[in-house]
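The values are calculated or read from the model by the stated rules, or taken from the named source; none is laboratory data. The structure presented is a predicted model; accordingly, all values stated were derived computationally and were not measured. No Cβ is skipped: glycine too gets one built from the backbone with ideal geometry, and neighbour counts run over all protein chains shown. Note: areas computed on protein heavy atoms with side chains; ligands, DNA, RNA excluded. Shrake-Rupley method; radii C 1.70, N 1.55, O 1.52, S 1.80 Å.
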Amino acid sequence: MASKPGVLTDWPWKHLGSYKFVLLAPWAIHATYSYLVKDEKERDLGYFLIFPFLMFRMLHNQIWISVSRYRTAKGSNRIVDKTIEFEQVDRESNWDDQILFNGIVFYIGALTVPGAAQLPLWRTDGVVLTMLLHSGPVEFLYYWLHRALHHHYLYSRYHSHHHSSIVTEPISSVIHPFAEHIAYFTLFAIPLLSSTATRTASVASFAGYISFIDLMNNMGHCNFELIPKLLFSIFPPLKFLMYTPSYHSLHHTQFRTNYSLFMPIYDYIYGTMDKSTDTLYEASIRRPDESPDVVHLTHLTTPESIYHLRVGFAALASRPYTSKWYLWVMWPWTFWSMMVTWIYGRTSFVVERNVLGHLKLQTWAIPKYNIQGEELNKSGELYVRRHPELKVKVVDGSSLAVAVVLNTIPKQTTQVLLAGTFSKVASSLALALCQRGIQVFVMYEDDYKKLKASIGTGAASNLVLAKTYAIQTWLVGDGFNEGEQLKAPKGTLFIPFSQFPPKRMRSDCLYCDTPAMVAPKCLENVDSCENWLPRRVMSAWRIAGIVHGLEGWNVNECGNMMFDIDRIWEAALRHEPRFRQEIVWGLISTSVRQALEQSLNYARNYMGNLLEPCVIKVIYLDSDVILIDDIGKLWARSLGGRTIGAPEYCHWIYELGLLPPLMQDTWGPSSTGGTNTGLEEITLGAAVGISTQVR
């Protein structure tokens, strides 16, 4: 949203959410019905084709989105190296609003504007007129409208919303406030209304012109250069008549240059062309594919999962995997994609790129819905044995998955029940738990015998064949079925150790996510969710490969090989910034830094920066505070809109004037405030970026 949102910023149908396209239903039904029941001479083909054309535009834009995300992940010809985060994806999730808006206007225009009905399929004079009017008045007027939108008054209220995207994607081209779209449509309607008024309009001129605008908008906002240099060599004046992605990217990074729509000639005429335009184009067009340090291999899980890939639907990929009602309507397309994948899907393709410090990370998707795992290749061991000269190390991440599960089990636990299909992770879990003196119960005798043989006699005394299911902690894997789940007692904690979570069938039990960890905040370009996991949460198997890359461990972890569990757990925590003192130390004023014994003593002052955005409020207690009453009373007390509240401390000190009172806007709700009380209540949403001076 713009920094100071103006009038008509929001779309009128914002509250309808994904049901907004219902607004088109009356017109689409009327157009179809009229076309079917009327005589051939009375049928209005243009009116009937409006809805199919809107669907074509949706598909056209989606193809650009997918291709752009794929190319920028590969790195070839990339223009800007800055990254995209969830905030940008959320802001650009309404890119289809302008298609809905255009559709409503087209339907109304077809019924009310003289000459807009009964359009022929093609008229050459109308096509030529549309081309001339666009390259003349439209381009000229857009240039000056665009410059006006960069005036501080209009920019702060409207156009700054568009420029929030420094790194652009094709859909960034249409991310504007509603009022700005009205202005653009009025401008682009000049050729359409002119051809209608002169009776030269046709279905081809209307559809072709709008498709041309979509094409150029999407192309110009790609973050990779795709216009070959050969075109400008053959026809040098082309650089005045057609812009390139690198040309327009400078407008989003420099803000005050390259204002033109599709024809840069007006930037040359009025002296607003960026001087680095040619240099950036040359550098981008020569840029090769990026060579990753760590590659995460993934694959499709369900027919609908193809839409949840980062190169699929951006809005779906940015949220944990859930089935949407409108995906059922797309089953014909889904089935076709499955057939293509089954026939041609033999090689992986890049779907995501991340950056973590000096490491370049990529995610490659294997276009298969079912991967033969441990049964076929023992998690990569067969591949490693066949290629002993391989310089790449294969890490299946089992050790970190085991470590995450072990640290998820409540500390006071003395018994666990192991259920589901047994695997390398299950065997390692059973061994680690038995060695720690925790009894591991197994449901079936065959599984019990296999586990007992695999973990050895030393720890087997803690392995028990279950005769009762009255155990409160269950470790479950693939194959954990409905009948087994119903046997669990009320209040059971289900902790999955597989990559797929169990179906949650019990409202009286607790379910954990699959083994996963929160990604470090310094991990960049995270704009999609990994399957059903929350934002910025990655599976333990994926994080294990990253940790191996950060540590520089030159070892394989696949097949029967298992890395040291404690070592990889400690390394994973060491590379998580929120557990490092340095992030807090750098935020503390130099005037008091030397006086502190430990910088974490004042970490509470920066909780707004350190904790996840979903945490709204925090009560902070020093380690030496003793509670003598219900702390819920403090939690229920309102801070009255202030950021931090603390109990009054030594009230007589303030009355005597021995210490100056702190700012009432920061400390409250009492008028005197307090410091060093050992207890604070903090509203984190307002605490981000505050500067606290310790006296």
Mind giving me the FRET efficiency for R346 and R574? R0 is 51 Å, r the Cβ-Cβ distance, nearest 0.05 is fine.
0.85
Taking Cα centroids, how far is region 252-316 from region 143-170 in Å?
18 Å
Compactness relative to 2.2 N^0.38 Å, alpha carbon Rg of region 489-563
1.36
Applied in sequence order to region 231-242, the curve 6.51 cos²θ - 1.76 cosθ + 1.60 (Karplus, θ = phi - 60°) yields integer Hz couplings, x standing for Gly and Pro, of 4, 6, 6, 6, 9, x, x, 4, 5, 8, 10, 9
With unit charges on the beta carbon (Lys/Arg positive, Asp/Glu negative), name the residue among M517, V625, A204 whose Cα is farthest towards the positive pole of the charge dipole of the chain.
A204
Put E381, E40 in order of accessible area, largest first, probe 1.4 Å, and you get E40, E381
Using a 1.4 angstrom probe with every protein chain in place, what is the largest-first accessible-area order of D527, D90?
D90, D527
Just read off the accessible area of I616 with the full protein assembly in place, 1.4 Å probe, to the nearest 10 Å².
120 Å²
Alpha-carbon centroids, region 201-231 and region 523-551: separation in whole Å
36 Å
Read-out Rg and Dmax of the Cα atoms in Å, derived from the coordinates shown; its label in (i) 28.1, 117; (ii) 30.8, 96; (iii) 30.4, 104
(ii)
Treat every Asp and Glu Cβ in the chain as -1 and every Lys and Arg Cβ as +1, leave all other atoms uncharged, and give the resulting dipole magnitude about the Cα centre to the nearest 20 debye.
680 debye
Sorted by chain and then number, the residues having a modelled amide H within less than 5 Å of the amide H of F441, at least 5 places away or on another chain, are V416, L417, L418, V464
On the accessible surface of the chain, probed at 1.4 Å, how many percent belong to carbon and sulfur atoms?
61 percent
For region 456-517, dividing by residue count, accessible area per residue (probe 1.4 Å) in Å² works out to 50 Å²
So which of K424/K450; K391/K521; K74/K360; K360/K393 end up more than 18 Å apart by C-alpha?
K391/K521
With all protein chains present and a 1.4 Å probe, the order of W122, W474, W13 from largest accessible area down is W122, W13, W474
I'd like the FRET efficiency for Y35 and F140, computed as 1/(1 + (r/R0)^6) with the beta carbon distance as r and R0 of 30 Å, rounded to 0.05.
0.20
Classify region 27-143 as rounded, prolate or oblate, taking a ≥ b ≥ c as the square roots of the eigenvalues of its Cα gyration tensor: rounded when a/c is under 1.5, otherwise prolate if a/b is larger than b/c and oblate if not.
prolate
For the chain, what is the mean residue ellipticity at 222 nm derived from helices alone (per DSSP H run of n ≥ 4: -39500 (n - 2.57); sum divided by total residues; nearest 500 deg cm²/dmol)?
-11500 deg cm²/dmol
